[in-house]
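A.B. asks: Can you keep this structure in mind? I'll have questions shortly.
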Amino acid sequence: MLEVLPRQSEPMRKQKHYSEVYASIQSLLTADSDWLAAMATIVSELHNAFESFDWTGFYRVVRDDHLQIGPYQGSHGCLDIPFKRGVCGAAATSKKTQLVPDVEAFPGHIACSSATKSEIVVPVLGKKGEVLAVLDIDSNVLNDFDAVDQHWLESICQLYAMRYPMRPSV
Ligand code: SME
């Protein structure tokens, strides 16, 4: 089990910690793991590795322009999000990672918990650049996410998409 990275740790320590989280996810996923097992494992590894993460989860594209909640950790999240709404919708529409240093300053942010201060949402893209899902992480610290988080979370989403290049559906 990985240690928990304390709030606002040194950048070098965060880099090393993410590399360990990435390696752990790689080693936990087996040839038998399906997309649901993979998403649940990624979410668990991330959520329990960073003290400031208070909600960590995937939203899946279940039909055109519509996200539905997938595996997550934290209190209950919004169940359905159209592409035109919120930070998750912005990530799905733009196909670009959304770094939100202060959620109150993001027009249209969907608040699921008053504890959330900052947020990052990373799109999971398939082989043709289509959006399969988004990875959403909320932090209880203002301005908690930077280029290091973006790099590693995008790498984790790429690792997922290489193995599960289809829309996740049950
Ligand atoms: N804040 C997100 C909604 C999902 S919750 O954070 C779990 C948004 O604005 O899209």
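A.B. asks: Residue check, Asp65 against (1) closer than 21 Å to Gln150 by Cβ; (2) in contact with a Pro (Cβ under 7 Å, 6 or more places away or on another chain); (3) within 15 Å of the ligand (Cβ to nearest atom), all met but one. Which one?
C.D. replies: It is condition (1) that Asp65 fails.
A.B. asks: Consider Asp102 against the criteria (1) within 13 Å of Ile137 (Cβ to Cβ); (2) touching a residue at least 40 places away in the same chain (Cβ under 8 Å): it satisfies all of them except one. Which criterion is unmet?
C.D. replies: (1)
A.B. asks: Further question on the same structure: Tell me the residue from Asp138, Asp144 that is touching a Phe, Trp or Tyr at 6+ places or on another chain (Cβ under 6 Å) and within 15 Å of the ligand (Cβ to nearest atom), please.
C.D. replies: Numbers: Asp144 fails: touching a Phe, Trp or Tyr at 6+ places or on another chain (Cβ under 6 Å).
After applying the criteria, what remains is Asp138.
A.B. asks: Still on this structure, I have one more. Could you look through the range 136-170, keep only residues that are part of a loop (DSSP other than H, G, I, E, B), closer than 18 Å to Ala40 by Cβ and of a type outside the set (Val, Ile, Thr), and pick out the one that is least open to solvent (accessible area, probe 1.4 Å)?
C.D. replies: First, pick out the residues of the range 136-170 that are part of a loop (DSSP other than H, G, I, E, B): 140-146, 164-170.
Applying the additional criterion that residues be closer than 18 Å to Ala40 by Cβ yields 164, 166-170.
The next check asks that each one be of a type outside the set (Val, Ile, Thr); those that pass are 164, 166-169.
On the way: Tyr164: 29, Met166: 140, Arg167: 105, Pro168: 1, Ser169: 81 Å².
If we take residues in the range 136-170 being part of a loop (DSSP other than H, G, I, E, B), closer than 18 Å to Ala40 by Cβ and of a type outside the set (Val, Ile, Thr), then Pro168 is least open to solvent (accessible area, probe 1.4 Å).
A.B. asks: Kindly check whether there is at least one residue in the range 22-43 that is in a strand (DSSP E or B), touching a Gly at 6+ places or on another chain (Cβ under 9 Å) and touching a residue at least 40 places away in the same chain (Cβ under 8 Å). Steps first, please.
C.D. replies: Residues of the range 22-43 that are in a strand (DSSP E or B), as a first pass: none.
Within the range 22-43 (the criterion being in a strand (DSSP E or B), touching a Gly at 6+ places or on another chain (Cβ under 9 Å) and touching a residue at least 40 places away in the same chain (Cβ under 8 Å)), the answer is no, since none of the residues qualifies.
A.B. asks: What is the residue count in the range 3-60 for residues that are in contact with an Asp or Glu (Cβ under 6 Å, 6 or more places away or on another chain), under 21 Å from Val141 (Cβ atoms) and surrounded by fewer than 19 Cβ atoms within 10 Å (Cβ to Cβ)?
C.D. replies: Counting residues in the range 3-60 that are in contact with an Asp or Glu (Cβ under 6 Å, 6 or more places away or on another chain), under 21 Å from Val141 (Cβ atoms) and surrounded by fewer than 19 Cβ atoms within 10 Å (Cβ to Cβ) gives 3.
A.B. asks: Still on this structure, please answer the following. Under 7 Å by Cβ, and 6 or more places apart or on different chains, what pairs join a residue from the range 72-93 that is within 18 Å of Ser118 (Cβ to Cβ) with one that is aliphatic (A, V, I, L, M) and near the ligand (Cβ under 7 Å from one of its atoms)?
C.D. replies: Once the first residue is within 18 Å of Ser118 (Cβ to Cβ) and sits in the range 72-93, its partners that are aliphatic (A, V, I, L, M) and near the ligand (Cβ under 7 Å from one of its atoms) give Cys78/Ile110; Gly86/Ile110; Val87/Val121; Cys88/Ile81; Cys88/Val121; Gly89/Ile81; Ala91/Val121.
A.B. asks: Taking the residues in the range 78-113 that are among the hydrophobic types (A, V, I, L, M, F, W, C) and part of a loop (DSSP other than H, G, I, E, B) as candidates, determine which candidate is most open to solvent (accessible area, probe 1.4 Å).
C.D. replies: Quick first cut of the range 78-113, residues among the hydrophobic types (A, V, I, L, M, F, W, C) only: 78-79, 81, 83, 87-88, 90-92, 99-100, 103, 105-106, 110-112.
Imposing the further condition that a residue be part of a loop (DSSP other than H, G, I, E, B) reduces the set to 78-79, 83, 106, 110-112.
Values: Cys78: 35, Leu79: 105, Phe83: 31, Phe106: 49, Ile110: 36, Ala111: 78, Cys112: 64 Å².
Taking the candidates together, the pick is Leu79.
The values are calculated or read from the model by the stated rules, or taken from the named source; none is laboratory data. Quick caveat: nothing in here was measured; it's all calculated off a predicted structure. Please note: Cβ atoms are built from the backbone with ideal geometry, for glycine as well, and neighbour counts cover all protein chains shown. The protein model used for the area step is the full one, side chains on, heavy atoms only, and it has no ligands, DNA or RNA in it. Shrake-Rupley method; radii C 1.70, N 1.55, O 1.52, S 1.80 Å.
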